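The values are calculated or read from the model by the stated rules, or taken from the named source; none is laboratory data. What you are looking at is a predicted structure, and each value in this text was computed from that prediction instead of being measured. We work out accessible area using only protein heavy atoms, side chains counted, and drop any ligands, DNA or RNA first. Shrake-Rupley method; radii C 1.70, N 1.55, O 1.52, S 1.80 Å.
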Amino acid sequence: MIYRSRVLQTLRLGVKSLLLHKLRSVLAVLGIMIGVTAVIWLVAMGEGVSYQAQQQIKDLGADNIIVRSIKPVSTQSGATTSRFLAYGLLRDDFKRIVSTIPTVKRATPLRELSKEARYIEHTVEIRLVGCTPAYLAMNNLKIARGRFLGDRDLDRVDNVCVLAHEVAAALFPYENPINRAVQIDKDFYVVVGVTRERAASGNIGGSFTGQDYNKDIYIPLDTLRARIGDQVMTTKSGTMEGEIVQLSQLTVTVNDVSEVEETAAIIRRLLAKFHKNEDYSIIVPKELLKQAEILQMMFRVLSVVIAGISLLVGGIGIMNIMLATVTERTREIGIRRALGAKQRDIIEQFLSETIVLSATGGFCGVVLGYLCNPAVASVLKFMNYFFPNAMSGLPPVVQELEPVIATWSVLVAFFISVIVGVVFGIYPARRAAMMDPIEALRHE
């Protein structure tokens with residue numbers, strides 16, 4: 001009880017001494033506060049970016065292997081047919097993977113093309129996706145109206161389609177699109193469903209580009225083959241170029257997550273056997289997730305180091321202020337020593353002042369740290385309002401940044417701020433305690 005009373009008295013005396021120089025104390029607190037806030041904000045924004053990246057990878061599925069068709073850098077003889085360049089995944093590849101690899105649970109093929117959709121006077125650029133019913137669950141899509149494609153649509157090669165959110169809004173701003181006919185090229189497709197709005201995915205890996213699912217139109221894969229075919233003509237630099245691509249992507253799902261790496265290696269060897277050119281890429285979300293977690297850890301360490309420098313500068317500021325305080329209060333120290341105060345008492349007094357400064361700065365920094373989310377939201381809103389063109393050019397992960405405040409960063413930042421105050425307060429406190437009482441009393 002006596003010890004507690006003594007501690008409280010020492011802290012009370014420390015606060016009283018600091019209030020005699022309010023501006024000086026506020027500046028010392030400000031240095032620590034900025035350091036703590038920097039730690040929390042940097043870590044929160046890093047966690048937010050990392051969380052979005054990891055969620056996008058998780059959406060691909062840890063038990064999935066994604067095989068994409070890519071245009072080869074160079075082609076060998078026999079790779080072209082007339083004016084058409086043939087490359088990418090084949091339907092035979094799909095059959096071989098499903099029938100010969102025992103660890104494969106299922107494989108979902110798709111074909112995608114850039115097209116223009118029309119309804120009366122409304123037109124919109126879309127990504128036409130030929131797919132199967134499994135595409136809905138595989139990409140976490142939700143139906144807002146109607147239904148998604150069914151097995152019957154594939155079997156009958158029906159001219160039906162499902163519109164994504166933005167496409168439906170652009171083509172049918174004032175009416176229900178269900179059972180209306182949308183024109184793509186020369187064919188008409190009856191709308192049977194509309195998907196809900198879905199966040200776009202960012203770029204993942206070197207050959208897996210970001211996708212905006214809100215600008216899609218989905219039709220049965222067999223219907224796309226029957227109506228459009230594998231040959232597509234494109235205009236590039238004023239010249240017509242043709243491509244033959246059977247499948248744009250295969251999403252292979254394995255029986256167990258532990259079989260992902262082995263299955264990916266088998267697929268890689270199987271495709272290499274039947275493809276002369278490397279016109280495909282294999283993306284393993286599980287491996288990307290591990291890389292993302294490693295990058296997250298590296299960014300955490302870097303953020304703490306950078307923000308720790310701010311705390312170091314704040315600690316130096318506290319030491320500077322306390323040394324000046326010791327010089328100003330030399331006579332006071334002499335009087336206390338003459339009245340019987342021990343060196344320990346002087347050290348405790350000055351250490352209590354540095355702890356009050358650093359703890360106050362740490363607490364204020366924590367309070368400001370929790371304002372990270374509204375501050376970032378306000379900045380993004382301001383930038384979107386005044387600089388919409390600049391914001392539209394930024395990656396989606398920046399445009400939709402939502403900081404995630406990590407509890408560990410708050411605790412670490414606060415305790416480091418207190419430790420910095422103690423460490424940088426020891427030297428001034430010892431210097432005050434080691435003064436000769438007689439010389440201190442003579443000081444003017």
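What part of the accessible area of the stretch 103-175, given as a whole %, is carbon or sulfur when the probe is 1.4 angstrom? Numbers along the way, then the final one.
Working: 1650 of 3530 Å².
It is 47 percent, rounded to a whole number.
Solvent exposure of the stretch 331-439 amounts to 56 Å² per residue of accessible area, where only protein heavy atoms count and the probe is 1.4 Å.
Relative to one another, the C-alpha centroids of the stretch 399-431 and the stretch 149-191 are positioned 57 Å apart. Partner aspartates and glutamates whose Cα lies under 15 Å from the Cα of K142, excluding those fewer than 8 positions away in the same chain, are identified as D59, E166, E197, D212, D216.
At a 1.4 Å probe, what is the % contribution of carbon and sulfur to the accessible area of the stretch 321-427? Working shown, then result.
Working: 4120 of 5760 Å².
Of the solvent-accessible surface of the stretch 321-427, carbon and sulfur hold 72 percent.
Over the stretch 105-178, accessible surface divided per residue gives 49 Å², non-protein components excluded, 1.4 Å probe.
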